[in-house]
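This report concerns only the one structure given below.
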Amino acid sequence: MKISKYLHSCLVFELDGYKILFDPGDYSFMEGFVTPQMFADVNIIIVTHIHADHFVLDILKNIIDVSGAAIVTNTRVGQQLDKAGISYSVFEDGTKNFGPFKLQAFPAKHELIMDNPLPQMTGFLINDKVLHPVDSMENNLLAFKNIELLIMVTMAPFASEVMISAFADKLQPKQILPVHDGYAKEFFVKKRYAAYINHFDKQGIKFHEVYKAGDSITI
């Protein structure tokens, strides 16, 4: 399974030629390093919640136009898609197969945000190996302790590095792929990644330095 990052929380999972695109939000596209044409061959697009750094209608429409990909999301995002006349399927709980991928969807509580209501958000377990809790660090995620790979928020207005690392310390994944850092300058991302590497190396957890558009790992 290959996982490519296209800035912030925009990810492509690829296996046996089948591609799933997660959360093509505005932070990924603002500077022109990422374009809709890069996703012309994706099979499905999964949107986890309505925040603009994960979901923007115009961006989504442009990707659909070049790819013809089906949209998979939850009820709250679906309400916005209904208004725009975009078809989709709801998948917010349970297990489904998409090509060679087995996805387990579950409700995930977004971390608290200043002066904003929390959105409906859907997290995923991918092929029993990758935990993608999106913007959640709630305790019930510890049911996935010792998972092969954690998709981990690294910077956010709703979290500190102490909070983030403490969550991962308890979860004890074998590897970490960092996300949610699209608003930081590259020199700052590198500095913070170095701090995370120093922390997790002591526990034998591999922290992948993936920050440039299209960088990938394979598990």
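Derivation of every value follows stated rules applied to the coordinates shown; laboratory data play no part. Since this is a predicted model, take the numbers as computed values, not measurements. Quick reminder, even Gly has a Cβ in these numbers, built from the backbone with ideal geometry, and neighbours come from all protein chains shown.
How would you classify the chain from its alpha-carbon gyration tensor, with a ≥ b ≥ c the square roots of the eigenvalues: rounded for a/c under 1.5, else prolate if a/b is greater than b/c, otherwise oblate? Display every interim value, and only then the final one.
Values: a/c = 1.41, a/b = 1.36, b/c = 1.04.
It is rounded, given that a/c, with a ≥ b ≥ c, falls under 1.5.
Taking the beta-carbon count within 10 Å as an exposure proxy, list Ser9, Ser165 from fewest neighbours to most.
On the way: Ser9 25, Ser165 18.
Lowest to highest Cβ neighbour count: Ser165, Ser9.
A Förster radius of 41 Å combined with the Cβ-Cβ distance from Asp128 to Glu161 puts the calculated FRET efficiency at roughly 0.90.
Could you tell me which chymotrypsin sites (Phe, Trp or Tyr not before Pro) in the stretch 32-83 are loop residues by DSSP with no more than 15 other beta carbons within 10 angstrom of their beta carbon? When the chymotrypsin sites (Phe, Trp or Tyr not before Pro) of the stretch 32-83 are filtered for loop state and at most 15 Cβ neighbours within 10 Å, Phe33 remain. Cα centroids of the stretch 1-45 and the stretch 152-208: 21 Å apart. The stretch between Val90 and Leu15 holds 24.7 nm of extra length on full extension. This uses 0.36 nm per residue minus the Cα-Cα distance.
Order of Met30, Met121 from fewest to most other C-beta atoms within 10 Å? Kindly include the intermediate steps, with their values, before the conclusion.
On the way: Met30 13, Met121 23.
Lowest to highest Cβ neighbour count: Met30, Met121.
Each of His199, His8, His208, His180 was scored by other Cβ atoms within 10 Å of its Cβ. Arranged with the fewest first, they read His199, His208, His180, His8.
Taking the chain as a Gaussian network of alpha-carbon nodes connected by springs under 10 Å, the highest mean-square fluctuation of the residues Glu92, Glu31, Glu148 belongs to Glu31.
Overall form of the stretch 35-86: prolate. Here a/c, set by the Cα gyration tensor axes a ≥ b ≥ c, is 1.5 or more, and a/b is the larger of a/b and b/c.
Could you grab the relative contact order for the chain? Cα pairs under 8 Å, six or more apart, rounded to a whole percent. Write down the numbers at each step before the final one.
Numbers: 451 pairs, mean separation 41.3, N = 219.
Relative contact order of the chain: 19 percent.
Specify the longest stretch of the chain that does not include any exposed loop site, a site being one of the trypsin sites (Lys or Arg not before Pro) with a non-H, G, I, E, B DSSP assignment and at most 11 other Cβ atoms within 10 Å. So the longest stretch without any such site is 1-144. Label 7 Å along Cα→Cβ of Gln172; the stretch 139-160 residues with amide nitrogen under 20 Å? Once the point is set 7 Å along Cα→Cβ of Gln172, 139-152 turn out to lie under 20 Å by backbone N, inside the stretch 139-160.
Counted over the chain, the DSSP beta bridges are approximately 60% antiparallel. Listed by chain and number, the lysines whose C-alpha is less than 23 Å from the C-alpha of Lys129, apart from same-chain residues fewer than 8 away, are Lys2, Lys5, Lys19, Lys96, Lys102, Lys109, Lys145, Lys170, Lys174, Lys202, Lys206.
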